[in-house]
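Following: one structure in structure tokens, then a few remarks.
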Amino acid sequence: MNKKTILSGIQPSGILTLGNYLGALRNWVTIQHEYDCKFFIADLHSITVRQDPKVLRENTKRAVMQYIACGLDPQINTIFVQSHVHEHAELAWILNCSTYMGELSRMTQFKDKSQKQENVGVGLFDYPVLMAADILLYDSDFVPVGEDQRQHLEITRDLAKRFNSTYGEEIFKIPEAFISETGARIMSLQDPTKKMSKSDPNPNGYISLLDSRDVIIKKFKKAVTDSENIVRYSDEQLGIQNLINIYSSITQKSTSEIEREFEGVGYGKFKVAVGEVVADALEEIQKKFYELNSPEYDSFLTEIYEKGAKTAHGIAKSKLEQVYNAVGFVSKA
Ligand code: TRP
């Protein structure tokens, strides 16, 4: 039986967070047997905002370890580093040539991120085209994306259709969003209107997958809430809503169960309870991570991402050849 292909990536712009885990990684683990999965570390994307080279290298390796520590099986998934497969950048160039300035200017993530910078790099503007290349190289059927990346998937679909119709061939498969029932959208603990982000300058806004129990509980105690002091799931209480989502996502309890459990209990106790379940959930992951993060596992990890890149490259290479041929490039040999 032919499995459908799923592809997704996470940027190594910091240590992965609770948001990456509950929103992405944990779901990837549940689907890994059912689909042909390609999961990569989007290092090319991460340099669209400035990265310290040493830190980037470290975070990229750590991301591979975190993928595995979270339960992704390297035997059945293709796990690789984006820059190891040069076709990503090459296809992005080709797609650039049929992408309009206007459509990229409308991307909300670009508008947000460019506002925070004085000199806006071309890479930041072009980010969605590189993402389209990632997806289209592998004939991906589904892409698990959060709300913030939906627009980028939309433009990927547009670019694929445009290319197919220009060159008169069914070169690219049109990908679809993969909506999982369990994917939670985790918001910043300091500003519940923003997604939890590993590049947040305020570390109290996010829980890193490597934070210690004490730090986790401290961060939850400091989480921004309102003054209602009633644990209730409401759009008027976004901070509490976020904490309920986190608690629910880990314990699998429904929101109404949680409201009942914490009825008449103030925010203080609720926050500690959330911190405890998060710390419990991350304990196992951290144990595995620290085991992998030792010199004796160096070659084990290198083998995983080298094998991943080899598999990915095999697929990407033939797709890019098809594309080069379609646009009229002379073949090498
Ligand atoms: N842009 C995604 C994010 O920041 C990461 C990413 C890069 C990605 N390329 C991708 C996700 C391709 C899915 C598919 O979350």
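The convex hull built on the alpha-carbon positions of the stretch 96-196 has an orientation-averaged projected area of 7.6 nm².
Sequence-ordered 3J(HN,Hα) estimates for the stretch 188-204 from the Karplus curve with 6.51, -1.76 and 1.60 and θ = phi - 60° stand at 4, 6, 9, 8, x, 8, 10, 5, 4, 10, 6, 9, 4, x, 9, x, 6 Hz, glycine and proline given as x. Under the combined filter of DSSP loop state and at most 13 neighbouring Cβ atoms within 10 Å, the stretch 14-111 retains these chymotrypsin sites (Phe, Trp or Tyr not before Pro): Y100. In order along the stretch 3-13, the Karplus-derived 3J(HN,Hα) couplings, from 6.51 cos²θ - 1.76 cosθ + 1.60 at θ = phi - 60°, round to 7, 6, 9, 10, 9, 7, x, 10, 6, x, 8 Hz, and Gly and Pro are given as x. Averaging the sequence gap over all C-alpha pairs within less than 8 Å and six or more residues apart, then dividing by the number of residues, gives the stretch 185-255 a relative contact order of 28 percent. Between A177 and V143, the built amide H atoms are under 5 Å apart, and every one of these is 5 or more places off in sequence or on another chain. Normalised by 2.2 N^0.38 Å, where N counts its residues, the alpha-carbon radius of gyration of the chain equals 1.04.
DSSP assigns beta bridges within the chain; of those with both partners inside it, close to 15 percent run antiparallel. For the stretch 22-114, the fraction of C-alpha pairs more than 23 angstrom apart is 41%.
Close amide H contacts of T17 (hydrogens built in the peptide plane, cut-off under 5 Å, sequence separation of 5 or more or a different chain): L209. The value of relative contact order for the chain, using C-alpha pairs under 8 Å at least six residues apart, is 22 percent.
Do the sum for the chain: with -39,500 (n - 2.57) for every DSSP H run of n ≥ 4, divided by all residues, what is the mean residue ellipticity at 222 nm, to the nearest 500 deg cm²/dmol?
On the way: 13 runs with 169 residues, N = 333.
Calculated at 222 nm, the ellipticity per residue is -16000 deg cm²/dmol.
If the viscosity is 0.692 mPa s and the temperature 37 °C, what Stokes-Einstein diffusion coefficient in µm²/s follows for the stretch 276-331 when Rh is the Kirkwood radius over Cα pairs?
The diffusion coefficient I find is 223 µm²/s.
With Cβ to Cβ distances under 12 Å as the rule, what net charge do the other residues near W93 carry (K, R +1; D, E -1)? List each step's numbers first, then the result.
Working: positive: none; negative: E87, E90, D126.
Net local charge, W93 excluded: -3.
In order along the stretch 267-278, the phi-based Karplus estimate (6.51 cos²θ - 1.76 cosθ + 1.60, θ = phi - 60°) of 3J(HN,Hα) comes to 4, x, 5, 4, 4, 5, 4, 5, x, 5, 5, 5 Hz; Gly and Pro are listed as x.
Just checking the listed ones, R150, R50, R185: in the Gaussian network model of the chain with Cα springs under 10 Å, the one fluctuating most is R50. Backbone amide hydrogens, once placed in the peptide plane, bring F40 within less than 5 Å of S8, G9, I10, F80, excluding anything fewer than 5 places away on its chain.
Can you give the angle from 0 to 90° between the axis of helix 298-327 and the longest principal axis of the chain, with both taken from C-alpha atoms, to the nearest 10? Compared with the principal axis, the helix lies near 50 degrees.
Coordinate-derived values only; no laboratory data. Only a predicted model underlies this, so the values are computations on that prediction, with no experimental measurement involved. When we count neighbours, we look across all protein chains shown, and the Cβ atoms used for this are built from the backbone with ideal geometry, even at glycine.
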